[in-house]
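Chemist: For reference, the structure I am asking about is given below.
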């Protein structure tokens, strides 16, 4: 097990290193950030001087190695536009993103348990058709489209909920729903499939023959075994919500890391782009690593390299 953990950690670090290089060089395609910092009528001497101050006149490989050395020391640099340390800007925004993701994931898990079980127990009936239809729509429709539809319905027409901003629980309802729909759809389909397999198993049939009440058969015998793969995949869906949150936060003007990343790209704020995307990548890879370790603890064949 120790060797397996070491291999996965090495793969995660290598992936993070490659990702940092890709983000660094791709962000430079956006253009010269100095042009955003100076007025349009600035002289070329001023442009050259500012580029020299920030080190943008050096070769890209030198800039990347310097940035990598700083990141290894926990220093993500200073935002070009906001003039604050990148790590402080991330610290101000990460809590809002975590709140949104946790609420979206929580309601998605609860709803998936209800819909998945009902869909499997009442297979072929209207509730099964409704659950499968919602699952297909949830996995097919983009998060930003769902978010816009929710704003149009509940904010513009009904005027029940705020359409944007960060505040009380009412502000979290629409963005958390738009964010959690994809996870709800995937977990509902997975739980339905797993429940159908378990309900057709011999020990469930035996329990019914012995006269065990149906609700106990479903909750104690069937759901207890069918929920294991769903809980395992919940970690992967959590990682997906981190990336999907960038779009949802932009739609609802939610002050999280997603909107911070978008603002950084728009303003060509290279240090902020590098810092935010790196932190998001660390969160995603950490969740994937936890899921892999969970797989390995459940099935020893995985850590032994077997199939």
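The values are calculated or read from the model by the stated rules, or taken from the named source; none is laboratory data. Bear in mind the structure is a predicted one, so any value in this text is a computation, not a measurement. Using ideal geometry, Cβ is built from the backbone for each residue, glycine included, and neighbour counts are taken over all protein chains shown.
Chemist: Scanning for something over 21 Å from residue 92 (Cβ atoms) and free of Cβ contacts under 8 Å to residues at least 40 places away in the same chain, does the stretch 250-268 turn up at least one residue?
Modeler: no
Chemist: For the stretch 82-93, name all the residues that are touching a helix residue (DSSP H, G or I) at 6+ places or on another chain (Cβ under 8 Å) and not in a helix (DSSP H, G or I).
Modeler: Correct list: 82 only.
Chemist: Follow-up question, since we're still on this one. In this structure, does residue 239 turn out to be assigned to a helix (DSSP H, G or I), in contact (Cβ under 8 Å) with a residue 60 or more places away in the chain and under 14 Å from the mean Cα position of the chain (by Cα)?
Modeler: no
Chemist: Related question: Would you check if there is a residue in the stretch 87-101 being over 29 Å from residue 183 (Cβ atoms), modelled with pLDDT of 85 or more and either touching a strand residue (DSSP E or B) at 6+ places or on another chain (Cβ under 8 Å) or exposed (fewer than 14 other Cβ atoms within 10 Å of the Cβ) (or both)?
Modeler: yes
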